[in-house]
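The block underneath contains the structure these notes are about, expressed in structure tokens.
What follows draws every value from the coordinates through simple rules; no lab data is involved. Here the structure is a predicted model, which means the values were calculated and not measured. Reconstructed Cβ throughout: ideal geometry from the backbone, glycine too, with neighbour counts over all protein chains shown.
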Amino acid sequence: MKGARSGSALIEFALVVPMFLLLCVAGVDMARVFNSAMKLTGATRTALEYAGVNANTASDVNGIVNLVATGTGNPSGLSVAVTQFCTCTVGGPQVACSSTCTSKLVYVQLTATMPFQTVAAWPYIPQPLNLTRSATIRVAYPPPGGGGIG
């Protein structure tokens, strides 16, 4: 009787281990995606905080891009787009930044896209997986000595 059951535990183990390993690899892959997305979010936020200090930092596109690259570990394929726009009122339509409004508001918009390669090719998940973060901040203060953009 014992001889007929002695191999069943080994067979069950052989069936369960591949599924368990697949779940572990999937969990690690999803954790890596989440970690990279959080790095991109943090780097975007840091760059926008820098851009929002005054008109000088808002126009420092290279500094903004470098902050995003540094915060994400400078991955290959990182794409950062920095744009400025102005409005005359909060929530109003966009106007040319050279226009003369009584209370011109300057904004900086940042969109960062970072490709991410998973360890395994998963169904329904594109390769590479593009992680994108976009945010906008209003420039807070004029530069030292006054003035502004436009």
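Tabulated results
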| read-out | value |
| --- | --- |
| Cysteines (scope the chain) whose Cβ has no counterpart Cys Cβ under 4.7 Å | C24 |
| Calculated FRET value between V28 and S79, using beta carbons and R₀ = 30 Å, to 0.05 | 0.70 |
| Residue-count net charge about T46 - beta-carbon cut-off 15 Å; Lys, Arg +1, Asp, Glu -1 | +1 |
| Distance in nm between pseudo-label sites at T111 and Y124 (7 Å out along the Cβ direction from Cα) | 2.7 nm |
| Neighbour cut-off at most 11 other Cβ (10 Å), DSSP loop, chymotrypsin sites (Phe, Trp or Tyr not before Pro), region 73-147 | Y124 |
| Amide H partners (placed H, <5 Å) of N54, local residues excluded | A140, Y141 |
| Ellipsoid equivalent to region 7-138 - semi-axes via the Cα gyration tensor, in Å | 46, 13, 11 |
| Region 42-120: radius of gyration over Cα atoms, expressed as a fraction of 2.2 N^0.38 Å | 1.31 |
| Residues M38, M114 arranged by fewest to most Cβ contacts within 10 Å | M38, M114 |
| Principal-axis tilt of helix 61-72 within the chain, Cα atoms, nearest 10 degrees | 20 degrees |
| Residue-averaged 222 nm ellipticity for the chain, from DSSP H runs of 4+ at -39500 (n - 2.57), nearest 500 | -14000 deg cm²/dmol |
| Over region 7-138, relative contact order from alpha-carbon pairs under 8 Å, at least 6 apart, % | 24 percent |
| Efficiency of FRET from Cβ geometry, A37 and C88, R₀ 35 Å, rounded to 0.05 | 0.50 |
| Fraction of antiparallel bridges per DSSP, the chain only, in percent to nearest 5 | 95 percent |
| Computed label-point distance, nm, for sites V16 and R138 using a 7 Å Cα→Cβ extension | 6.0 nm |
